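Accompanying notes for the structure given below.
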Amino acid sequence: MFRLWFDRGTLLLRGEVGSPYGRWDSRSGCYRVKACHYRDVLEYFGESRVKIEDAVLDLPAFEQLKCNVELRAYQSEALDKWLTAGKRGVLVLPTAAGKTFIALKAIDLLKTQTLIVVPTLDLLDQWKKRVRDYLGVDAGVVGGGENVVRMVTVATYDSAYSLAAQLGNRFLFLIFDEVHHLASPGYMQIAEMFVAPYRMGLTATYERSDQRHALLPLLVGDPVYSVSVEELTTAKHLSNYTFEKIAVDLTEAEQQSYDAQMKVFRRYLVERHVVLKSAFDFQRFIMTTGRDPRAREALLARNRALKVAVNSEAKLNLLAEKLETYKDEKVLIFTLYNDLVYMVSKRFLIPAVTHQTPREERREIMANFGNGKYKVIVTSQVLDEGVDVPDASVGVVLGGTGSRREYIQRLGRLLRKKEGKTAKLVEIISKETVEVGISRRRHQKTGEAQ
Amino acid sequence: MLPSGLLVVYKRKGEIQPRYAKLSPENLEVAGCLIEAYKRHVGEKKKVLKAFAADLENQGYEYRFVRALDLLLDRRGTFICNSKINPPDLRKKIFQATEKHGLPTTPETRQQILQLVACETALTTQDIEEQLYADLDTELILTKFDAPTPLELLQQYNLSLAQTLLFDCTELCFKASGNWQMLFYSVKKLGLIYEVQRDSELWVEIDGPASLFKLTKRYGINIAKLLPTIIANQEWTVNAKILWKYTNEICSFKLDNAKHSQLLRKPNLQPETYDSAAEEAFASQFRAVKSGWTLKREPEPVQAGTQVIVPDFSLERGGLKVYLEIVGFWTEEYLLRKAEKLKQVDANMILVVNEDLACEKLVALEKRPQLHFIYYKDKISLPPILRYLQAAFEETKTKEIKLLKNLPVKFTELMVRYDEFAERIGVSSEAVQTVFSADPPEGYVAMPNSLVSKEKLQQIQGILNQALKQAEKRKLTLHQATQLIEAEGLTDASTTLNYLGYKIAWHGINSQEADVSPPKQ
């Protein structure tokens, strides 16, 4: 009799023969198989008419779902594509296109133990609420100090990674929100160490600059459905938006400090014949700073200059004007540095959300922003991905890193469908500083008309 | 352990090493300087300390070194938020006031809101400004600091560097002089898998379940956690494989006690902690009876295939070694695994098993000759164990005597010590003594501890007679005679004197006062 069981993220098979996926493990004296091959192993033994004792699964108790999700046409189409692809695959939809609902509907169709993996604690809370509201069950939570497994469970990538050895045999359906994260060398092991045969990936940005998204078909399945912002906005599922960029002069003192610091940086580049044209050039430069104290001094000078430009008083004054203009709207202010978040929070006495904000407080702030009690909040990058910020109609960007994904998702957050609404995105940058370059790069990459 | 950004390494020809901080006067000074700063700043905000570290960086010290030291000290401090009001509550009041009165875009409107909240909370507006974000990490107050010495700090830094490098480890191989039970227990607790290999010493290879399929750094962090337990030993060697992320090459990372024990901070592990009261009671009971057996706790591991068993005790007497394992209250799964391992053991082992455990799998092992089962109910009783040990010893001795009798030996040495000879042959010295005393080889005399050739005895007789001639009253004290005999390499002085017919006249119990006189002709 063969016996197959789960051992810390892998399967062990005891018996006289191996399976096509197994490898002999002298340490334990039996065959070991990657957990993700669970279904293949069962099929192999089924075809060979060999009976095995399957002691792999340890599923949480089944709970009856009461699903009240109605899908739009394109959402149903996406779900069908996924079903016909063998209940595996990635759906590529822009933020706010209702990816969550497709996933919830899929859980209802499969009616099986499901783990939803998300990148941030904010998303963890959000999914938990959605499961409660639309499936009528309490979701288990793994991450952020909690560890409760239920029929439908939500976990962060970090917790799913570090607890894969304990969780890998407890679900049959895996949903990866923001699935592009899964392709990283560490997180991809989540896909390998779970036995679940059914898998769904969701993302607005399938491609990764490191090309590792090529691994996703192996881990979750092929991209089975894709729709762009343009297609959806013309179909009026998402609201339109306008974009405005305002450049302000630094104050005199700021300009002097900025120039002095940039001179240090440029002098280094000239003396060492360093050319910084691409992100790769810059990465190489950062590596030199580990060995060369002068390079490090140059880098620090550049960062100081950038900080002067980003944190400019002139920008805060303009921000005050803008807040006056938009005082009846819901405004979300983004900044690059935490310092600036707190500076803005203190100056305008408005709530701030950063990675340091206690979770309970963050939850409360988001809820109050959602129901309109708080009209303006300021945040650094923690909200960047997929978090619902309901109905924000104005976004103000004070600085950024020039990355493509960040920009799309910041936009996405403003694109909540509401009748007759036009969202506004305002970017405030300092004139004659490297920030102009960063902002230009950001737009070039998205191919956005300005 | 440190954030990987603070790790500094040397890499050359496939070898990688952390750039350890030398225990040099300059480094000790930097360490001392930071420790002093922490001591002086108890009662102040964390950001003051961070500024101090930043200053050191700006003075040209390696920034990763300074930051890492600062971080290690930070972890030894207790930081609290001691504001008059819970900052999140204060913020809530402020934001609610903003919501009610409108967002302040001028200094005047801002001041009004602060004023309103000040009235409500009985704080000043100054207090509010200061405490609005007093719970941010950099705003916390250092209240207690457990100061290390500069040397300890540098050693801690070096250990942390080594551990941080191990984050990128795909497998680690070590040998160590002891601490086995804790080592294997940790391996298990950390979700790792080991495999042992024996050349002349026992090497333990560590990785994890999924390592079988591909090179993975997944277990690196847990492997790093094992390092302190390994280096807590007197002697140890570590060879690790590091997957260096920047170049994607496998580098070898080596550490051993001869080169690195000074550099690294040795953790304080509690030696001799007993797993169970039963073990502890057994050990003290056994030591009390003085059975002639040497009891050793946590002996070296016994190999069982690619796995090991670290028995609770080893018992040694004259070349005979028996292991003893107390099987107390455990789960069935544990017993099954243990039984599986015991099948492969090739050493004498006593299993002292709690009767209530009645495990069929274990009972099935009773047939194996190298395993001996002794059952107990409430308390382990010694007599059955001692009886088994005595029987084992006698049995072994009988076998050895038989072996020795059939052994064609011919000596050329003037003297043969039993223990040396026994070790060479691989038997107990008791057996050697028994055989040679009964039937000494031609030309030799059997003494209690050695065989001595008649030729050698004649030489000694010559030396003694010479000394007697020169001595006052032609008498030597026993003490003097013994010294002369021992100078010739013999240990059994009085037996030698008796054999040669010398008379010993005792005048007390002191050998200085006993006289040795020549035999009467």
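Read-outs: derived from the displayed coordinates by stated rules, not from any lab. These figures come from a predicted structure and were not determined experimentally. Neighbour counts are summed over all protein chains in view; Cβ atoms, including those assigned to glycine, are modelled from backbone coordinates with ideal geometry.
For the reader, a short list of remarks on this structure follows.
- By definition, a body whose alpha carbon gyration tensor gives a ≥ b ≥ c is oblate when a/c is 1.5 or more and a/b is not larger than b/c, and segment B:180-226 fits this oblate description.
- For the segment B:99-105, counting C-beta atoms of other chains within 10 Å of every residue's C-beta and taking the mean gives 6.
- Furthest towards positive pole of dipole, B:I221, B:S252, B:V187, structure part segment B:167-260, Cβ charges: B:I221
- Summarising the overall dimensions of segment A:264-388 from its C-alpha atoms, the Rg and Dmax are 18.8, 56 angstrom.
- With neighbour counts taken as other beta-carbon atoms within 10 Å, the residues B:C81, B:C169, B:C251 rank, fewest first, as B:C81, B:C251, B:C169.
- Order of B:R424, B:R218 - criterion: other Cβ atoms within 10 Å of each residue's Cβ, fewest first: B:R424, B:R218
- Within-12-Å neighbourhood charge of B:I242 [Cβ basis; K, R +1; D, E -1]: +1
- Evaluating 6.51 cos²θ - 1.76 cosθ + 1.60 at θ = phi - 60° for every residue in segment B:394-400, the Karplus couplings come out as 4, 4, 5, 4, 4, 4, 5 Hz, glycine and proline recorded as x.
- Over 29 Å between alpha carbons, listed pairs B:K254/B:K341; B:K254/B:K321; A:K111/B:K338; B:K241/B:K338; B:K321/B:K405; B:K290/B:K341: B:K254/B:K341; B:K254/B:K321; A:K111/B:K338; B:K241/B:K338; B:K290/B:K341
- Computed on segment B:144-234, with alpha-carbon pairs under 8 angstrom and 6+ residues apart, the relative contact order is 38 percent.
- Proximal charge balance of B:V432 [Cβ under 9 Å; K/R count +1, D/E count -1]: -3
- Remark: relative contact order (segment A:1-118) = 21 percent; criterion is Cα-Cα distance under 8 angstrom and separation of 6 or more residues.
- Averaged over B:206-218, number of beta-carbon atoms from partner chains that fall within 10 Å: 6
- Between 0 and 90°, nearest 10: helix B:63-74 axis offset from chain B longest Cα axis: 80
- Column: log10 I(q)/I(0), Debye, Cα scatterers of segment B:293-393, q = 0.12, 0.16, 0.17 Å⁻¹: -0.36, -0.67, -0.76
- Eligible lysines near A:K373 by straight Cα distance, threshold 16 Å, same-chain separation 8 or greater: A:K327, A:K330, B:K92, B:K93, B:K100
- Our coupling estimate for segment A:82-99, obtained by passing each phi through the Karplus curve with A = 6.51, B = -1.76, C = 1.60 and θ = phi - 60°, is 5, 5, 6, 7, x, 6, 9, x, 10, 9, 9, 9, x, 3, 6, 8, x, 4 Hz, Gly and Pro reported as x.
- Gain upon complete extension [B:C33, B:S284; 0.36 nm per residue less C-alpha separation]: 85.5 nm
- Available extension along the chain between A:I286 and A:A247 is 11.2 nm, counting 0.36 nm per residue and deducting the alpha carbon span.
- Note, ³J(HN,Hα) from phi for segment B:308-316, Karplus 6.51, -1.76, 1.60, rounded to Hz, x at Gly and Pro: 10, 10, 9, x, 5, 9, 10, 10, 10
- Peptide B:128-141, shielding by other chains (average Cβ, 10 Å cutoff): 2
- Global geometry of segment B:190-257, whether rounded, prolate or oblate, following the gyration tensor of its Cα atoms and the 1.5 cut on a/c: prolate
- Relative contact order, percent, chain B [alpha-carbon distance under 8 Å, six or more residues apart]: 9
- Shape of chain B, Cα gyration tensor, a/c cut at 1.5: prolate
- Reach of B:K189 by Cα under 16 Å, taken over lysines that are not fewer than 8 positions away in the same chain: B:K225
- Here B:K45 is the anchor, and the lysines within straight C-alpha reach of less than 20 Å, apart from those fewer than 8 places off in the same chain, are A:K346, B:K84, B:K144.
- Compared with the dominant Cα axis of chain B, that is its longest principal axis, helix B:220-231 is turned about 40°.
- Two-decimal log10 I(q)/I(0) for the protein assembly as shown, as the Debye equation yields it once each C-alpha is a single scatterer, q = 0.05, 0.06, 0.08 Å⁻¹: -0.47, -0.64, -0.98
- Exposure proxy for A:K330, B:K100, B:K410: other Cβ atoms within 10 Å of each Cβ, ordered fewest to most, give B:K410, B:K100, A:K330.
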